[in-house]
Amino acid sequence: MQIYHKAYVYLTCGTELLVFDEPDTPGLGLQVPGGTIDPGESYLIGARREFIEETGLKLDTAFEHFADQDIPFEELCAQGKVTAPPDRPIKGRHLRKLYHAQITERPADEWEHFEMTPSDGGSPIRFRLFWLDLRDPRANDPSNFFAEFGANIEPLRKRLGELSL
């Protein structure tokens, strides 16, 4: 099984988390910005690059590592736990490093952005980015998220509580 190194950013503003969906792939679920690390690139640098590519935002804030995930996609797909878009099959084992960043002001309530260089080399992907309050019932249901992105919501809530002390 091929291994893919990935980095993702859980950006919060107060109790709100920046998430996106893909309007052209309805039903895929909520995601957080991030993706595949380029050869020779560190996870942190990859997280920053992917964040900019997927959101259009450049942040001047710390990205702090807060969790790791080991996701065997082919097994999860075979078990019916993850469904990939037909034109973008998900393969291999994804080793993820998750980063948390905080801002004090939202740049916008909602916006669209295109990732112009998807890691699979396919067509640009349209993202609709918006803020999800971590107290919203949708945030409590991991099935609202694509590919295990909801699994770290509770540790993120705990982290936010500890940071506010």
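Quick notes on this one:
- Pairs with Cβ under 6 Å, 6+ apart, first in segment 80-108 and at pLDDT 95 or above and among the small types (Gly, Ala, Ser), second in a loop (DSSP other than H, G, I, E, B) and surrounded by fewer than 16 Cβ atoms within 10 Å (Cβ to Cβ): 101/61
- Residue in segment 148-160 that is under 19 Å from residue 22 (Cα atoms), surrounded by fewer than 14 Cβ atoms within 10 Å (Cβ to Cβ) and either modelled with pLDDT under 95 or not aliphatic (A, V, I, L, M) (or both) present: no
- Verdict on residue 10 being aromatic (Phe, Trp, Tyr), under 19 Å from residue 127 (Cβ atoms) and either out of contact with any strand residue (DSSP E or B) (no Cβ under 7 Å at 6 or more places or on another chain) or not in a loop (DSSP other than H, G, I, E, B) (or both): yes
- Some residue of segment 92-99 being within 19 Å of residue 142 (Cα to Cα) and among the basic types (Lys, Arg): yes
- If the condition is being buried (at least 19 other Cβ atoms within 10 Å of the Cβ) and either polar (S, T, N, Q) or in contact with a Cys (Cβ under 7 Å, 6 or more places away or on another chain) (or both), then segment 16-39 contributes only 31.
- Condition met for residue 129 (touching a His at 6+ places or on another chain (Cβ under 8 Å), more than 27 Å from residue 74 (Cβ to Cβ) and modelled with pLDDT of 90 or more): yes
- In segment 143-165, residue nearest to residue 88 (Cα to Cα) [restricted to those that are among the charged types (D, E, K, R) and touching a residue at least 12 places away in the same chain (Cβ under 8 Å)]: 148
The values are calculated or read from the model by the stated rules, or taken from the named source; none is laboratory data. No experiment lies behind these values; they were computed from the predicted model shown. Every residue, glycine among them, receives a Cβ derived from its backbone with ideal geometry; neighbour counts consider all protein chains shown.
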